[in-house]
Amino acid sequence: MKPKSIQNIEDRMNQISPDSLRYKVLDSAKNFKSSWIALGQYLFTVYRDKLYKDWGFLTFEAYCSREIGIQQPTAVKLLKSYSFLEKEEPAYIKNQAMQERQPSQIPSVDAVNALRLAKANEHVPDREYQELRDQVLEDGKEDSEVKKKIRYILKVNKPKPTEENKEENKEKLYKRLATQLQAAKDEMILVNAPNKIIKKIEELQELLG
């Protein structure tokens with residue numbers, strides 16, 4: 001027996017021309033594991049060109065949720081992961097389109113998203129990133145293993161705090177606290193809070209300078 005989400009997608013597909021982009025998006029959503037890259041590409045086009053409005057949806061989020069059964073966090077992950085591959089790995093995208101790969105050989109969207117975040121992290125050296133890249137895109141490494149490897153890399157390459165860094169971090173903390181205290185004070189004044197509470201906030205502000 002098919003899951004209700006898949007049945008809903010198939011019902012919509014039966015009402016749409018197989019040659020349309022809308023049909024192709026639904027087909028990719030139906031086969032999420034084996035074609036998430038294609039789905040990401042289609043969703044990127046739908047989002048960029050606001051095609052969902054032509055199909056009767058006010059927002060992209062509503063389209064993803066109601067038409068293809070994907071919630072906003074997953075849709076955002078798909079968009080960002082596909083955009084990452086398109087920018088950083090155009091040759092991979094091209095080869096992916098030309099080759100028929102088994103689902104087990106295709107990296108998961110979570111693994112690619114983890115790779116994207118690793119690429120943007122300044123504490124992940126180029127050599128380690130390249131190893132991660134090969135493990136994700138070539139070997140189809142599970143996202144749990146990829147994330148574990150990234151945590152290890154970050155732990156090993158974590159910069160040791162210097163006295164200069166400590167002072168800089170302390171100043172940033174003081175500024176952040178000062179901003180929060182001022183916001184709290186403003187809210188207390190708006191709600192006519194007791195003066196003794198406002199006085200305590202002002203005392204803390206003085207301590208922070």
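Values quoted throughout were computed directly from the atomic coordinates according to the rules given, and no laboratory measurement underlies them. Note that this is a predicted model, so its numbers are computed, not measured. Ideal geometry is used to build each Cβ from the backbone, glycine not excepted, and the neighbour counts take in all protein chains shown.
When the label point is put 7 Å from the Cα of K172 along its Cα-to-beta-carbon vector, which residues of segment 129-153 have a backbone N closer than 14 Å?
In segment 129-153, the label zone of K172 (backbone N under 14 Å from the point 7 Å along Cα→Cβ) covers no residue.
Sort the following peptides by mean Cβ neighbour count (other Cβ atoms within 10 Å, averaged over residues), highest first: 130-141, 19-30.
Descending packing order for the listed peptides: 19-30, 130-141.
Can you give the alpha-carbon Rg of segment 163-208 over 2.2 N^0.38 Å, where N counts its residues?
So the Cα radius of gyration is 1.38 times the expected 2.2 N^0.38 Å.
Net charge within 12 Å of A184 by Cβ-Cβ distance, Lys/Arg positive one each and Asp/Glu negative one each, not counting A184 itself? Show your work: numbers first, answer last.
Values: positive: K185, K200; negative: D186, E187, E202.
Local charge sum for A184: -1.
Calculate, in nm to one decimal, what A120 and V191 gain on full extension: separation in residues at 0.36 nm each, minus their alpha carbon distance. Mind dumping the intermediate values first?
Details: separation 71, 0.36 × 71 = 25.56 nm, distance 4.30 nm.
Extending this stretch completely gives an extra 21.3 nm.
Go ahead and estimate [θ] at 222 nm for the chain from helices alone: -39,500 (n - 2.57) per DSSP H run with n ≥ 4, summed, over the residue count, rounded to 500.
Mean residue ellipticity at 222 nm (helix-derived): -23500 deg cm²/dmol.
Taking the Cα-to-Cβ direction at K53 and at V156 and moving 7 Å from each Cα, how far apart do the two end points lie in nm?
5.0 nm
Full extension from S17 to L207: what is 0.36 nm times the residue separation minus their Cα-Cα distance, to one decimal in nm? All intermediate terms of the calculation are to be shown ahead of the outcome.
Values: separation 190, 0.36 × 190 = 68.40 nm, distance 6.88 nm.
Gain on extension, S17 to L207, equals 61.5 nm.
So if R0 is 25 Å, what FRET efficiency would A62 and A183 give, r being the distance between their Cβ atoms, rounded to the nearest 0.05?
The value I calculate is 0.15.
With the radius of gyration and the Kirkwood radius both derived from the Cα set of the chain, what is their ratio Rg to Rh?
Values: Rg = 24.4 Å, Rh = 21.1 Å.
The Rg/Rh ratio comes out at 1.16.
By how many nm would the segment from R133 to K199 grow when fully extended, if each residue of separation counts as 0.36 nm and the alpha-carbon distance is taken off?
Here the answer is 18.2 nm.
Describe numerically, in nm with one decimal, the distance between label points set 7 Å from Cα along Cα→Cβ at S83 and at T45.
That separation, rounded to one decimal, is 1.8 nm.
State log₁₀ I(q)/I(0) for segment 1-101 at q = 0.12, 0.13, 0.19, 0.23 Å⁻¹ as given by the Debye formula over alpha-carbon point scatterers of equal weight, solvent excluded.
Evaluating at q = 0.12, 0.13, 0.19, 0.23 Å⁻¹ gives log10 I(q)/I(0) of -0.38, -0.45, -0.96, -1.32.
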